[in-house]
Amino acid sequence: MSDIDQAGTFILGDRAVKRLGYGAMQLAGAGVFGPPKDRDAALAVLREAVAHGVNHIDTSDFYGPHITNQLIREALAPYRDDLVIVTKIGARRGEDGSWLPAFSAEALTQAVHDNLNNLGLDTLEVVNLRIMFDTHGPAEGSIEAPLAALAELQRQGLLRHIGLSNVTATQIAEGRRIAKIICVQNQYNLAHRADDDLIDELASAGIAYVPFFPLGGFNPLQSATLSEAAARLGATPMQVALAWLLRRAPNILLIPGTSSLVHLQENLAAAAVALPEDAVEALNTIASIASA
């Protein structure tokens with residue numbers, strides 16, 4: 001059994017995926033814009049992830065833009081039968097690298113076709129609709145129009161399953177009345193726990209929760225409590241942060257990203273980190289300290 005097998009699996013749509021996957025965002029250039037500094041290294045990371053048993057890769061054609069999907073195709077096509085590639089639409093990149101809303105029916109249709117072309121697929125397994133009412137976090141507003149447009153693309157056979165990203169609980173409820181939602185992708189980690197109740201509700205419904213920025217994203221997690229727990233367990237702080245997420249709820253699927261082979265191996269080894277109860281209790285206090 002490899003390290004990541006110890007984290008178990010969860011059903012995403014109708015596919016069993018390992019709970020520790022890989023996020024491709026960091027394979028693009030600085031600011032998730034432009035090509036990577038070292039293309040060969042980016043390809044090597046993708047191949048190493050799959051060689052270690054990863055069968056859930058998260059990406060988007062607006063990473064780069066187009067860069068990460070092209071790298072995935074070059075590194076991994078023809079794809080293994082058990083590999084589930086999840087992509088995301090609803091945004092586009094400005095010429096200056098800015099993140100802009102793009103969820104008209106026309107923009108979503110173009111995005112689906114761009115993802116298909118750059119990944120070299122006939123059908124996308126899972127497409128997350130990224131809601132961009134506010135680029136900094138979830139903001140209320142009806143998602144009926146863009147989700148109905150995405151559901152129509154699903155009926156056309158261009159994608160199999162639908163997820164939501166950067167959404168509120170109200171939007172998820174609205175979305176579930178329009179289409180079958182199989183996953184939700186929001187920001188969540190040891191220090192950012194606004195979705196605690198939502199995660200438990202989704203677990204009861206059999207819906208996957210995929211936290212983005214599980215290690216803090218552009219502002220990596222820093223905590224004396226986290227560092228102390230890591231030192232005690234003989235692990236890195238980031239491994240402990242990932243292990244806490246795996247323990248938090250059975251429907252959590254992790255997609256930590258990196259462009260480094262060393263960090264990839266460290267992240268995947270997090271599945272083997274066992275957290276004693278007192279360590280969990282200490283780690284649970286980090287969010288309250290961060291919000292104080």
Task: Diffusion constant of segment 81-224 at 37 °C, which comes from Stokes-Einstein with the Kirkwood Cα-pair radius and 0.692 mPa s, µm²/s - done: 207 µm²/s
Open item on the list: Could you put Tyr63, Tyr79 in order of accessible surface area, largest first, with the 1.4 Å probe and the full protein assembly present?
Closed with: Tyr79, Tyr63
Open item on the list: Strictly greater than 21 Å: what percent of every Cα pair in segment 205-280 meets that?
Closed with: 24 percent
Task: Mean residue ellipticity (222 nm) of the chain, computed from DSSP H runs ≥ 4 via -39,500 (n - 2.57), nearest 500 - done: -11500 deg cm²/dmol
- [ ] Per residue of segment 31-36, in order, report the coupling 6.51 cos²θ - 1.76 cosθ + 1.60 (Karplus, θ = phi - 60°) as ³J(HN,Hα) in whole Hz, putting x for Gly and Pro.
- [x] x, 6, 9, x, x, x
Task: Spin-label zone in segment 166-187 - amide nitrogen under 12 Å from a point set 7 Å from the Cα of Asp197 along the C-beta vector - done: 169-170
- [ ] Would you mind giving the three semi-axes, in whole Å and largest first, of the ellipsoid equivalent to the chain according to its Cα gyration tensor?
- [x] 28, 22, 18
TODO: Using amide H atoms built 1.01 Å from N in the peptide plane, name the residues 5+ places from Asn128, or on other chains, whose amide H lies under 5 Å from its own.
DONE: Thr87, Lys88, Ile89, Gly163
Task: Binned Cα-Cα distances of segment 62-162, short to long, each 10 Å bin given as a whole percent - done: 15, 47, 31, 7, 0
- [ ] Starting from the amide H of Gly21, placed 1.01 Å from N in the peptide plane, find each other amide H under 5 Å away whose residue is 5 or more places distant or on another chain.
- [x] Leu254, Ile255
Task: Solvent-accessible area of Asp61 with every protein chain in place, 1.4 Å probe, in Å² to the nearest 10 - done: 10 Å²
TODO: Pull out the extension gain between Asp122 and Ser104, defined as 0.36 nm times the separation in residues minus the alpha carbon to alpha carbon distance; nm, one decimal.
DONE: 4.2 nm
Task: Sequence-distant residues sharing a close amide H with Trp99 (under 5 Å, placed H) - done: Gly94
Task: Cα point-scatterer Debye curve for segment 1-134, base-10 log of I(q)/I(0) at q = 0.17, 0.21 Å⁻¹ - done: -0.92, -1.29
TODO: Quote the convex hull volume per residue of segment 110-174, based on C-alpha atoms, as a whole number of Å³.
DONE: 87 Å³
- [ ] Note down the accessible area of Trp244, probe 1.4 Å, to the nearest 10 Å².
- [x] 10 Å²
TODO: Give me the net charge of Phe103's neighbourhood, meaning all other residues with Cβ under 12 Å from the Cβ of Phe103; Lys, Arg count +1, Asp, Glu -1.
DONE: +1
TODO: Count charges around His52 for me, please; just the other residues with Cβ under 13 Å from its Cβ, Lys/Arg as +1, Asp/Glu as -1.
DONE: -1
Task: Alpha-carbon radius of gyration plus Dmax, which is the widest Cα pair, for segment 135-292 in Å - done: 17.2, 53
- [ ] Wrap a convex hull around the Cα atoms of segment 41-112, take a quarter of its surface area, and give that in square nanometres.
- [x] 5.4 nm²
Open item on the list: From the C-alpha coordinates alone, can you work out the Kirkwood hydrodynamic radius of segment 147-232, in Å?
Closed with: 14.7 Å
- [ ] List, in order, the whole-Hz ³J(HN,Hα) value for each residue of segment 186-191 obtained from phi through the Karplus relation with A = 6.51, B = -1.76, C = 1.60 and θ = phi - 60°; use x for Gly and Pro.
- [x] 10, 6, 6, 6, 3, 9
Task: Alpha carbon centroid spacing (whole Å) that separates segment 187-252 from segment 74-137 - done: 25 Å
TODO: Give the ranking of Glu228, Glu125 by solvent-accessible surface, highest area first, calculated with a 1.4 Å probe.
DONE: Glu228, Glu125
Task: Sequence of Lys88, Lys180, Lys37, Lys18 when ordered by accessible area, the most exposed leading, probe 1.4 angstrom - done: Lys37, Lys180, Lys18, Lys88
TODO: For segment 276-281, just list the computed ³J(HN,Hα) in residue order, Karplus coefficients 6.51, -1.76 and 1.60, θ = phi - 60°, integers in Hz, with x standing in for Gly and Pro.
DONE: x, 4, 5, 5, 4, 4
Task: Solvent-accessible heavy-atom area per residue, rounded to whole Å², over segment 1-110 at 1.4 Å - done: 44 Å²
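The values are calculated or read from the model by the stated rules, or taken from the named source; none is laboratory data. What you see is a predicted model, and the numbers here were worked out from it, not measured in a lab. A quick note on method: Cβ atoms are made from the backbone with ideal geometry, for glycine too, and the neighbour counts reach across all protein chains shown. Please note that ligands, DNA and RNA were not included when accessible areas were found on the heavy atoms of the full protein model with its side chains. Shrake-Rupley method; radii C 1.70, N 1.55, O 1.52, S 1.80 Å.
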